[in-house]
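S.K.: Take a look at the following structure, please.
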Amino acid sequence: MTEGGTLHIEDGLPQAVLDELKRRGHRIESEPVGAYGGYQAIWRDPKTGAYSGATEKRKDGCALGY
């Protein structure tokens, strides 16, 4: 996007990040707590067989692989 866009942001991003996004032309709109879903995920790289996991800070789960 060459002209920025509207970003719907949850609480928790540092002000410096928000300021930089605005400087780059984005419009910032806050979203209420709980407006988004959550995830825990595990991905296996088909080339190497290595596992990667991710979880979300809003949820109480975790991503595990073995």
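S.K.: Over 14 Å from the mean Cα position of the chain (by Cα) and modelled with pLDDT under 85: is that true of G65 in this structure?
M.R.: Here the answer is yes, as G65 does meet what is asked.
S.K.: Having 1 or more residues that are exposed (fewer than 10 other Cβ atoms within 10 Å of the Cβ) is the bar; report the strands (runs of 3 or more DSSP E) wholly within region 6-66 that clear it.
M.R.: Hits in region 6-66: 6-9, 27-30.
The values are calculated or read from the model by the stated rules, or taken from the named source; none is laboratory data. The structure presented is a predicted model; accordingly, all values stated were derived computationally and were not measured. Using ideal geometry, Cβ is built from the backbone for each residue, glycine included, and neighbour counts are taken over all protein chains shown.
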